[in-house]
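One structure below.
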Amino acid sequence: MASISYLTRLPVKTLHISSQNTKLSSKSSLCPVNLISFSAKSASQNSYLIKEFTKPRQNSAVRAVSEDEWGPEKEPDASTVAVAEEEPPKEPTEIDILKKQLVDSFYGTNRGLNASSETRAEINELITQLEAKNPTPAPNEALTRLNGKWILAYTSFVGLFPLLTRGTLPLVTLEEISQTIDSEKLTVQNSVAFAGPLATTSISTNAKFEVRSPQRVQIKFEEGIIGTPQLTDSIVLPENVEFLGQKIDLTPIKGLLSSVQDTASSVAKTISSQPPLKFPISSSRAESWLLTTYLDDDLRISRGDGGSVYVLIKEGSTLLTQ
């Protein structure tokens, strides 16, 4: 392309024809077009041609360019790009709103232990509305959706209330109550985790389940497991604890515990290496049934013996942080 531009600047020949001398002469010219003049005799007949040939013309030189013939590509406007890439906020569905209201109603209830009658009525109403909109009406036909670890957020099962009360004892914290389901092995593990100033431990039960209907499963407990206490290397105590309405100062105890710090560290390594304690379950209450009345990727609602209700949230769900 650059060579084309160079050629347009080469000198060209100009032809002159006069009445006196018809000899051809050449002169250098920078004009890219040959100019032709005629004698006076033919001027009147060819005036139009003379004007057309002698009229200055615009430079039609071809130049080398590096851009596209349509011009340099323009950068897209930043604001336009931002609008195109930015997705509009997703409007929450009615189920999303009900789920958030349900989880918010659990606040301060200690998984149902401290729920007032008014709060229980509100929770039951929200549960009923969600059950009516269940996106998985046959959960046992979609067992893979049941897989994973589910954290108990609320229950009306009074059999768990004594266990929940244990978490209110001084220096003892009920960390978590969970249920882990494996649909391939058809197993269920219920687990309760405790934490204290000296150690953490868990109590679990292993069970098998059989599908009896699209919503119902029969559960048979096989064994219980007491997890090996995991003693902490460093003993951390609060300044005080509240028990039976009174604050107890723990400063003197902290001084005593600091003297056995090294001993506790060595004991922790020894005990933590021991296997958990397992024992068989053979009582008449080793079997139970469970009805799943609501199931999605975040939330599960189940009903058990005596009409007890359980609300569980999938581990990792954002509902746990609300």
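The values are calculated or read from the model by the stated rules, or taken from the named source; none is laboratory data. Remember, predicted model here, so these are calculated numbers, not experimental data. Quick reminder, even Gly has a Cβ in these numbers, built from the backbone with ideal geometry, and neighbours come from all protein chains shown. Remember, those area values only see protein heavy atoms, side chains included, never the ligands or the DNA or RNA. Shrake-Rupley method; radii C 1.70, N 1.55, O 1.52, S 1.80 Å.
Taking the criterion of being more than 25 Å from Tyr294 (Cα to Cα) and at pLDDT 65 or above, would at least one residue in region 181-193 satisfy it? Within region 181-193 (the criterion being more than 25 Å from Tyr294 (Cα to Cα) and at pLDDT 65 or above), the answer is yes, since at least one residue qualifies. Sub-6 Å Cβ pairs linking a first residue in region 128-152 that is farther than 16 Å from Tyr310 by Cβ to a second residue that is acidic (Asp, Glu), at least 6 apart or interchain, are Pro135/Asp296, ordered by first then second residue. Just one of the listed residues (Glu176, Glu210) is within 19 Å of Ala286 (Cβ to Cβ) and surrounded by fewer than 18 Cβ atoms within 10 Å (Cβ to Cβ), and it is Glu210. Among the residues making up region 85-102, those that are of a type outside the set (D, E, K, R), closer than 14 Å to Gln129 by Cα and within 19 Å of the chain's Cα centre (by Cα) are Thr93, Ile95, Ile97. For region 131-164, the candidate set comprises residues that are β-branched (Val, Ile, Thr) and outside any helix (DSSP H, G or I); within that set, the residue that is farthest from the chain's Cα centre (by Cα) is Thr155.
Being in contact with a Leu (Cβ under 8 Å, 6 or more places away or on another chain) and at pLDDT below 65, is that true of even one residue in region 272-293? Within region 272-293, one or more residues are in contact with a Leu (Cβ under 8 Å, 6 or more places away or on another chain) and at pLDDT below 65. Per the conditions (1) open to solvent by 60 Å² or more (accessible area, probe 1.4 Å); (2) modelled with pLDDT under 95; (3) over 20 Å from Ile301 (Cβ atoms), the sole criterion not satisfied by Glu118 is (2). The residues of region 143-156 that are over 14 Å from Leu102 (Cα atoms) and open to solvent by less than 30 Å² (accessible area, probe 1.4 Å), listed by number, are Leu146, Gly148, Trp150, Ile151. In region 82-115, the qualifying residues are those that are farther than 30 Å from Thr165 by Cα and either touching a Ser or Thr at 6+ places or on another chain (Cβ under 8 Å) or assigned to a loop (DSSP other than H, G, I, E, B) (or both), and the one that is modelled with the lowest pLDDT is Glu86.
The set of residues in region 213-247 that are open to solvent by 40 Å² or more (accessible area, probe 1.4 Å), at pLDDT below 90, outside any strand (DSSP E or B) and not aliphatic (A, V, I, L, M) comprises Pro229, Thr232, Asp233, Ser234, Pro238, Glu239, Gly245.
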